[in-house]
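Working notes, structure below.
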Amino acid sequence: MSKGRIRVLALGLIRDGDRLFLSQGYDAVKQQSFYRALGGGVDFGETSEQALHREFKEELQAELTNIHYLGCLESIFTFKGKQGHEVIQLYQCDFVDRQFYKVEQLSFVEGNRKKAAMWVDISRFESGELILVPDGFMEYVR
């Protein structure tokens, strides 16, 4: 295995009935779209919960409430032809602003990339129509 670094992420599982609020990604090498909960990297000196709050403020200008720690996922994967390794601190949470539950899709900027976040029906992942990452995430949805 090549030397790399392990990223520590804090992600927020936001559910509204039978749908999840997710970010859409695309792997050009695999020519495949996928979906992931929003959040991001934990900076040195901050807790994963602090990182969760910061990431949602930075990306969506959103405040979170009803935050509950769900567990830790470890993900070793290939993205754009390169191996990645993430340790994910997963939280269940809700938006403070109820307007987020009324939008279908939002655009936001992550670093220098424009991305989209949207509500996606859980059944689309259960049927295999869409891909939800990381592996094991659905165990926290069920």
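The values are calculated or read from the model by the stated rules, or taken from the named source; none is laboratory data. In this text the structure is predicted, and so the values were computed from the model without any measurement. We place every Cβ from the backbone using ideal geometry, glycine too, and count neighbours over all the protein chains shown. These area figures cover heavy atoms from the full protein model, side chains too; ligands, DNA and RNA do not enter into them. Shrake-Rupley method; radii C 1.70, N 1.55, O 1.52, S 1.80 Å.
Which one, Tyr35, Leu90, Ile122, is farthest towards the positive end of the dipole of the chain when Lys and Arg carry +1 and Asp and Glu -1 on their Cβ?
Farthest towards the positive end: Tyr35.
What whole-number value in Å² describes the accessible area per residue of the chain for a 1.4 Å probe? Intermediate results must be reported in sequence, preceding the final value.
Details: 8370 Å² over 142 residues.
The answer is 59 Å² per residue.
Please identify the GluC sites (Glu not before Pro) of the range 24-126 that satisfy two criteria: DSSP loop assignment and at most 16 other Cβ atoms within 10 Å. Which are they?
Working: sites: Glu46, Glu49, Glu55, Glu58, Glu59, Glu63, Glu74, Glu86, Glu104, Glu110, Glu126; in loops: Glu46, Glu63, Glu104.
Those satisfying the criteria are Glu46, Glu63, Glu104.
List the residues whose amide H sits under 5 Å from the amide H of Arg19, counting only those 5 or more places along or on another chain, with H placed 1.01 Å from N in the peptide plane.
Ile122
Going 7 Å from the Cα of Arg7 in the Cα-to-Cβ direction, what parts of the range 99-120 have a backbone nitrogen less than 19 Å from that spot?
Only 108-118 fall inside the zone, counting backbone N under 19 Å.
Over the chain, what is the relative contact order in percent, taking alpha-carbon pairs closer than 8 angstrom and at least six residues apart?
Values: 259 pairs, mean separation 42.9, N = 142.
Value for the chain: 30 percent.
What number, in percent, do you get for the relative contact order of the range 85-142 if the mean sequence gap of Cα pairs under 8 Å and at least 6 apart is divided by its residue count?
Numbers: 24 pairs, mean separation 9.5, N = 58.
Computed over the range 85-142, the figure is 16 percent.
For the chain, what's the radius of gyration and Dmax over Cα atoms, in angstrom?
Both quantities, over Cα of the chain: 14.6, 45 Å.
Of the options Leu9, Gln24, Phe56, report the single residue whose Cα projects farthest towards the positive end of the charge dipole of the range 1-125 (beta-carbon charges: Lys, Arg +1; Asp, Glu -1).
Gln24
When the chain is fully extended, how far beyond the present Cα-Cα distance does Val87 get from Tyr26, taking 0.36 nm per residue of separation? Intermediate results must be reported in sequence, preceding the final value.
On the way: separation 61, 0.36 × 61 = 21.96 nm, distance 2.06 nm.
Taking Val87 through Tyr26 to full extension adds about 19.9 nm, to one decimal.
Pull up the DSSP beta bridges for the chain and report the antiparallel fraction as a percent, rounded to 5.
Details: 37 of 45 bridges.
Counting DSSP beta bridges with both partners in the chain, the antiparallel share is about 80 percent.
Net charge around Ala10, counting only other residues with Cβ within less than 13 Å of its Cβ (Lys, Arg = +1; Asp, Glu = -1)? Walk me through the numbers on the way to the answer.
Values: positive: Arg7, Arg36, Arg54, Lys57; negative: Asp43, Glu46, Glu49, Glu55, Glu58, Glu59, Glu86.
Net charge in that neighbourhood comes out at -3.
Find the relative contact order for the range 12-74 and round it to a whole percent, using C-alpha pairs within less than 8 Å whose residues are 6+ positions apart. Let's see the in-between values first.
Numbers: 53 pairs, mean separation 12.8, N = 63.
Relative contact order comes out at 20 percent.
Using helices alone, what [θ] at 222 nm do you get for the chain, with -39,500 (n - 2.57) per DSSP H run of 4 or more residues, divided over all residues and rounded to the nearest 500? Don't jump to the answer; show the numbers that get you there.
On the way: 3 runs with 21 residues, N = 142.
It lands at -3500 deg cm²/dmol.
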